[in-house]
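The values are calculated or read from the model by the stated rules, or taken from the named source; none is laboratory data. All values reported here derive from a predicted model rather than from experimental measurement. In this analysis, Cβ positions are derived from the backbone assuming ideal geometry, glycine residues included, and neighbour counts consider all displayed protein chains.
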Amino acid sequence: MAEPKSDIAGSILPVTKQQAMIMLESVYLWMDLGKFDHARELANGAAALMPKTKQVQFALGTIEFNQQKYDKALQAFRAAQRLDPKSGLARAHCGEALVFMGKTGEALKELQAARELEDDGGVAEFAFRLTLFAGISDVERALKEPNEKKRSERFDSALKAFQLAAKFEPKAPEPRIRIGEVNVLLGKNAEAKTELDAATKLGPSDEEKAMIEKLLEVAGGKVKDAPKKR
């Protein structure tokens, strides 16, 4: 008698797509309940059963990420990437882990790759938002950094992130506003005004307009400090 064929390529034992879906849904249910040990145990079992299924690696990565174990999350997302080198989502999740590890330069490379691959409609927006977040995080780190050289490096890293975000979405005002903000913080007021004027022409929201006005006041010397709101 012939053995039943699995629906999942590379699975150790016969597994139907429905069974695989139930297992993965159970993993995320345990996560939602805050039972990460149960979720990890089930996900590891699924990984052993279906070693060539990237969705299982996404689940493992999400478990680790939610517990702030970003290095382990990165390992799982890298595994998903190896299973599907054309997955923009895998590259975006690698970038996400690297952002939270403070490795902005490496993260931007991954997010650039994710945008180039863009294997579904949500990947582009996800990569864009992560790129902005990377820049904002570096600005916050720079403001807390007592060492002048390291502070300068953080501001430079933030600028690169915002410039990449502006490349991703050239019609979005926020990246240009953020570039202006960094220039204000660096005392480069002429450069700041150029970016903020460009942002104004891109149809900013009311909140963004308020931030532009505040930054222009700072750049013009009317107030002493850049706005703190992120």
Region 79-115, residues that are in a helix (DSSP H, G or I), out of contact with any helix residue (DSSP H, G or I) (no Cβ under 6 Å at 6 or more places or on another chain) and under 24 Å from Lys52 (Cβ atoms): Arg82
Residues satisfying the stated conditions in region 48-59, i.e. hydrophobic (A, V, I, L, M, F, W, C), farther than 13 Å from Gln81 by Cβ and surrounded by 17 or more Cβ atoms within 10 Å (Cβ to Cβ): Leu49, Met50, Val56, Ala59
Neighbours by Cβ (under 8 Å, 6+ apart or cross-chain): first from region 112-136, under 19 Å from Gln81 (Cα atoms); second surrounded by 17 or more Cβ atoms within 10 Å (Cβ to Cβ) and among the hydroxyl-bearing types (Ser, Thr, Tyr): Leu117/Ser87; Asp119/Ser87
Residues that are surrounded by fewer than 24 Cβ atoms within 10 Å (Cβ to Cβ) and among the basic types (Lys, Arg), drawn from region 84-104: Lys86, Lys103
Selection from region 144-190 of residues that are under 23 Å from Ala210 (Cβ atoms) and of a type in the set (S, T, N, Q): Asn183, Asn189
Flag for Glu153 being touching a Cys at 6+ places or on another chain (Cβ under 6 Å), at pLDDT 95 or above and among the charged types (D, E, K, R): no
Test for Phe155: is it within 19 Å of Ala92 (Cβ to Cβ) and aromatic (Phe, Trp, Tyr): no
Those helices (runs of 4 or more DSSP H) lying entirely in region 118-229 with at least 3 residues surrounded by fewer than 17 Cβ atoms within 10 Å (Cβ to Cβ): 121-144, 148-168, 189-200, 206-219
Unmet criterion (only one of (1) within 21 Å of Gln68 (Cβ to Cβ); (2) without any contact (Cβ under 8 Å) to a residue 60 or more places away in the chain) for Glu145: (1)
